[in-house]
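Right, one structure below, let's go through it.
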Amino acid sequence: METDYLIVGLGNPGSKYEKTRHNLGFMVVEALAKKHRLSFKRGWRFSGRVASGVIDGQKVHLLMPTTYMNLSGTAIARAMHIYKVAPPHLVVVVDDVYVEFGAMRFRAEGGTGGHNGLKSIQTCLGTQAYSRLRMGIGQKNVENLPQGLEGQLEEYVLANFTPSELQVLPQFLESGALVVEAWISRGVEGANSQTNAQPKGKE
């Protein structure tokens with residue numbers, strides 16, 4: 001029996017965080033839903049907003065957990081149970097401060113990279129074997145981030161995008177949506193090929 005696909009965007013709920021860098025996962029999933037004319041509704045059986053439909057002939061569920069970032073795993077685990085989604089058919093779209101803004105990295109599995117959302121998912125699922133699309137929000141070199149990275153990282157990721165970033169953000173979101181579409185239709189290999197075909201970020 002075929003399994004459904006679950007595409008999760010990570011972020012924090014509420015207007016306070018709506019346009020911050022840390023909500024880039026939400027933004028990509030929203031762009032994908034808009035592209036395929038899917039509407040989000042409240043998920044009554046778990047903490048999240050979900051849009052269900054068909055993309056490239058596959059039944060998909062787009063999820064934005066309405067927990068805060070560090071509790072994302074609870075909503076995802078519940079949605080996987082309800083929709084009977086196996087880990088290989090889960091992809092998580094997440095911001096990554098260690099990837100330059102405008103660049104992307106796709107992985108079929110891996111660690112958390114210190115990201116609180118991915119930590120929660122790993123704890124709740126008990127596995128690292130799910131795909132993730134890392135959308136870069138960092139500066140060109142990590143060492144150029146604000147001084148005292150440990151103390152200021154939260155401030156950086158919860159800040160709004162700069163005017164120059166906002167100019168290219170729509171294209172960045174579209175690029176992320178294309179990678180997710182390639183993953184749905186052609187699997188990990190297709191997602192990697194699509195990621196490699198995208199611009200590598202600002203020089």
Practice item. Take each of the peptides 39-46, 120-127, 170-177, average the number of other beta-carbon atoms within 10 Å over its residues, and list them starting from the highest. Key: 170-177, 120-127, 39-46
Study note, to complete from the structure: Longest principal axis of the chain (C-alpha) makes with the long axis of helix 163-196 (C-alpha) an angle, in degrees to the nearest 10, of 40
Revision key, fill the gap. Given [x] 51, 33, 29; [y] 43, 39, 35; [z] 57, 43, 30 as possible values of Cα extents along the principal axes in Å, the one from the coordinates is [x]
**Study point:** Residue-span extension gain [Ser15 to Asn160] - 0.36 nm each, minus C-alpha spacing
**Key:** 51.0 nm
Revision key, fill the gap. Output for the stretch 68-107: chymotrypsin sites (Phe, Trp or Tyr not before Pro) sitting in coil per DSSP, at most 16 other Cβ within 10 Å, listed by number, reads Tyr68
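Name the shape class, rounded, prolate or oblate, that the alpha-carbon gyration tensor gives for the stretch 1-59, where a ≥ b ≥ c are the square roots of its eigenvalues, rounded holds for a/c under 1.5, and otherwise prolate holds if a/b is larger than b/c and oblate otherwise.
Details: a/c = 2.18, a/b = 1.64, b/c = 1.32.
Prolate shape, in that a/c is at least 1.5 and a/b is the bigger ratio.
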Exercise for review: Using DSSP to define loop residues, name the trypsin sites (Lys or Arg not before Pro) in the stretch 58-105 whose beta-carbon has at most 15 other beta-carbon atoms within 10 Å.
Suggested key: Lys84
Study note, to complete from the structure: Rounded to whole angstrom, the alpha-carbon centroid of the stretch 41-63 lies from that of the stretch 2-21 at a distance of 11
**Study point:** Within a Gaussian network of the chain (alpha carbon springs, distance under 10 Å), most fluctuating of Leu169, Leu90, Leu24
**Key:** Leu169
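Each value in this text was obtained by applying a stated rule to the coordinates, not by laboratory testing. As the structure is a computational prediction, the values presented were derived from the model and not from experiment. Quick reminder, even Gly has a Cβ in these numbers, built from the backbone with ideal geometry, and neighbours come from all protein chains shown.
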